[in-house]
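Student: Input: one structure, supplied below.
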Amino acid sequence: MREIVRRWDRFWFAPAPASTLGTCRLLFFGSLFLWQWQHDFSAWGRFSSVFWMPIWLFETAHVPQLSVPAIAVVQALWKASLLMSAIGLFTRSAMAVAFVLGTYLLGLPHNFGQTQHFDTLVVFATGALALSRAGDACSLDALIAAASGRSSSDPPDDGEYRWPIRFVWVAMALIFCAAGISKLRHSGLEWIASDSLALLLLRQQYHISDGEPLTRWGILAARHGAVARTLALMSVSIETLFPLALVSRRARVLLVPAGLAMLVGIRVLMGPTFEQFMMCYVFWVPWERVTAALRGRIAANKDVQAHDEGHEIAKARS
Amino acid sequence: MSPGRRTVVNLVLIALIAGSAYDIVRDQEHWPFSQYPMFSGVWRSPSFSWLRLFGVTADGREFPLDANRFIAPFDQSRLPKALRRILDGRDPDTRVRQALAECLARYEELRLQDRHEGPRLAALRLYELEWTIDPEAANVDRPDRRSFIAEVQP
């Protein structure tokens, strides 16, 4: 039992740099803000109760369908909170507002006949960040605190900066794994061995998806049964095995890009819009290593430049 | 990290795992938790049916509202499923006509905002279309069967 607790603690709370979480916060909220900037949720307020089919969360918590002007106010506040969360101004409050209002706005469309699944990871990620100290680095708050002498510009490594990133990892792994299990539970290996995916790829061409397929390549894949079955095998394998990425570095190197490629493939061949889900991939990037590599390259370039300049001066003198 | 805060965070982590596991094991959905059942069924039939709205112009011409811009914020997946649930529920005739009236009003609102290029409509009709899936998807605009369900006028 003690060993399990030790492993749990090490997985979630091993010290990590604040800058990595700060970079994830900046990129996640920044991309979400840009993605949602043009999106208007307020039209959902104009439909009557005939369309209102509340999902569990809204029904249980008695969350109402707001009017058009009220939703417009909520979404304006939400978008402002996304921007403030990205730049890191009043970060903790902004992230809390982003989570509460975002859960309402992202959940709202699902009360109109169909629950789609492109945004659940965004809700989980926003929730984790709302509880986190992601504003301790790469934020205006941190710059202001450092300038006023209230804190150092570079906080020490801490478990506070590890668990929100791991939270998103685990949420993503659960989502992928659940999708794989669903296929195996409802269809078994027939999902892979039959022409099911080929028929699905063709069916998606008939304007029945929330987004149109970006290409007609799905028809090409469907034409060759072996290609469609290989894609089906890869999909179920990536989804079901994705939790291995949590515990194995080798599996992570393979499964994380494969999962992203699968989402891109779904968008390109079938249509469903997983763009918001893809934004959560910023949490898989070891930004401290990316930053260190970039700094190393810049320093090396400066050294070469200084060496060349010194060489030129010596040459001119001689 | 203080012990109290670590306890709160641990409870949140356990809630994420337990909520997800519950829906996966019970094959249920409690958004944002879910068992993620999309595309999990096996497709064996080469044919399928789908509900679709058609606009009717003043000269009687019909055209399918098969792009999201005509029906936003709904999309071509959500709206047919919502209409199906209405048709399968209580008092379907009255309720589906009310739903169509709202879709027609929304179409016109989007048209006046130049959000789509569609003409002014004299009526909106709901059909159930049935296709035999073509290997080239060449019959998208030519379903095998078209069953009229309801019509509304402005």
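Student: Whether any residue in the range B:132-149 is within 12 Å of residue B:51 (Cα to Cα) and among the polar types (S, T, N, Q) is what I want to check.
Tutor: For the range B:132-149, residues within 12 Å of residue B:51 (Cα to Cα) and among the polar types (S, T, N, Q): present.
Student: If a residue counts only when it is among the aromatic types (Phe, Trp, Tyr), which helices (runs of 4 or more DSSP H) contained entirely in the range B:1-117 have at least 1 such residues?
Tutor: Helices (runs of 4 or more DSSP H) meeting the threshold: B:3-26, B:68-71, B:92-112.
Student: Right, another one. For residue B:52, which of the numbered conditions (1) among the charged types (D, E, K, R); (2) more than 23 Å from residue B:104 (Cα to Cα); (3) in contact (Cβ under 8 Å) with a residue 40 or more places away in the chain fails to hold?
Tutor: The failed condition is (2).
Student: Based on this model, can you work out whether residue A:53 counts as in a loop (DSSP other than H, G, I, E, B), among the aliphatic types (A, V, I, L, M), at pLDDT 95 or above and crowded, with 19+ Cβ neighbours inside 10 Å?
Tutor: For residue A:53, the condition - in a loop (DSSP other than H, G, I, E, B), among the aliphatic types (A, V, I, L, M), at pLDDT 95 or above and crowded, with 19+ Cβ neighbours inside 10 Å - is met.
Student: Within the range A:182-192, which residues are part of a helix (DSSP H, G or I), surrounded by fewer than 23 Cβ atoms within 10 Å (Cβ to Cβ) and either at positive phi or in contact (Cβ under 8 Å) with a residue 12 or more places away in the chain (or both)?
Tutor: Those that are part of a helix (DSSP H, G or I), surrounded by fewer than 23 Cβ atoms within 10 Å (Cβ to Cβ) and either at positive phi or in contact (Cβ under 8 Å) with a residue 12 or more places away in the chain (or both): A:184, A:192.
Student: Separate question: Where residues in the range B:113-145 are more than 9 Å from chain A (Cβ to nearest Cβ) and of a type in the set (A, V, I, L, M, F, W, C), which of them is nearest to residue A:203 (Cα to Cα)?
Tutor: Filtering first and then ranking leaves B:138.
Student: Quick one: residue A:277 ticks every box in (1) more than 24 Å from the chain's Cα centre (by Cα); (2) within 13 Å of chain B (Cβ to nearest Cβ) bar one, so which box is it?
Tutor: Going through the list (1) more than 24 Å from the chain's Cα centre (by Cα); (2) within 13 Å of chain B (Cβ to nearest Cβ), residue A:277 breaks only (1).
Student: Scan (1) under 30 Å from residue B:76 (Cα atoms); (2) surrounded by fewer than 17 Cβ atoms within 10 Å (Cβ to Cβ) for the single condition residue A:297 breaks and write down its number.
Tutor: It is condition (1) that residue A:297 fails.
Student: I would also like to ask the following. Name, by its number, the condition in (1) under 19 Å from the mean Cα position of the chain (by Cα); (2) at pLDDT 95 or above that does not hold for residue A:109.
Tutor: (1)
Student: Right, here's the next one. What's the number of the only condition in (1) touching a Phe, Trp or Tyr at 6+ places or on another chain (Cβ under 7 Å); (2) without any contact (Cβ under 8 Å) to a residue 40 or more places away in the chain that residue A:179 fails to meet?
Tutor: Among (1) touching a Phe, Trp or Tyr at 6+ places or on another chain (Cβ under 7 Å); (2) without any contact (Cβ under 8 Å) to a residue 40 or more places away in the chain, residue A:179 violates only (2).
Student: May I ask you to say which residue of A:195, A:210 is surrounded by fewer than 21 Cβ atoms within 10 Å (Cβ to Cβ), more than 7 Å from every other protein chain (Cβ to nearest Cβ), within 23 Å of residue B:49 (Cα to Cα) and not aromatic (Phe, Trp, Tyr)?
Tutor: Only one candidate passes the filter, namely A:195.
Student: Still on this structure, please answer the following. Scan the range B:97-112 and give yes if some residue there is among the hydroxyl-bearing types (Ser, Thr, Tyr) and either in contact (Cβ under 8 Å) with a residue 24 or more places away in the chain or more than 7 Å from chain A (Cβ to nearest Cβ) (or both), otherwise no.
Tutor: yes
Residue by residue, here is whether (1) on the phi < 0 side of the Ramachandran plot; (2) assigned to a loop (DSSP other than H, G, I, E, B); (3) free of Cβ contacts under 8 Å to residues at least 24 places away in the same chain holds:
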residue: A:204; (1), (2), (3): yes, no, no
residue: A:215; (1), (2), (3): yes, yes, no
residue: A:221; (1), (2), (3): yes, no, no
residue: A:239; (1), (2), (3): yes, no, no
residue: A:250; (1), (2), (3): yes, no, yes
residue: A:266; (1), (2), (3): yes, no, yes
residue: A:283; (1), (2), (3): yes, no, no
residue: A:290; (1), (2), (3): yes, no, yes
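Student: For the range B:10-36: of the residues being β-branched (Val, Ile, Thr) and within 18 Å of residue A:169 (Cβ to Cβ), which is surrounded by the fewest Cβ atoms within 10 Å (Cβ to Cβ)? If you could, list the steps in order and put the result at the bottom.
Tutor: Pass one, the range B:10-36, residues β-branched (Val, Ile, Thr): B:12, B:14, B:17, B:24-25.
Narrowing the set further to residues that are within 18 Å of residue A:169 (Cβ to Cβ) leaves B:12, B:14, B:17, B:24.
Numbers: B:12: 14, B:14: 10, B:17: 12, B:24: 20.
Per the stated criteria, the residue is B:14.
Student: Starting from the range B:64-80, keep only residues that are more than 7 Å from every other protein chain (Cβ to nearest Cβ) and in contact (Cβ under 8 Å) with a residue 60 or more places away in the chain, then list their pairs with residues that are buried (at least 21 other Cβ atoms within 10 Å of the Cβ) and charged (D, E, K, R) whose Cβ atoms are within a distance under 7 Å, requiring at least 6 positions of separation or different chains.
Tutor: Listed by first residue and then by second, the contacts come to B:64/B:52.
The values are calculated or read from the model by the stated rules, or taken from the named source; none is laboratory data. Computed from a predicted model, the values in this text were never measured in an experiment. When we count neighbours, we look across all protein chains shown, and the Cβ atoms used for this are built from the backbone with ideal geometry, even at glycine.
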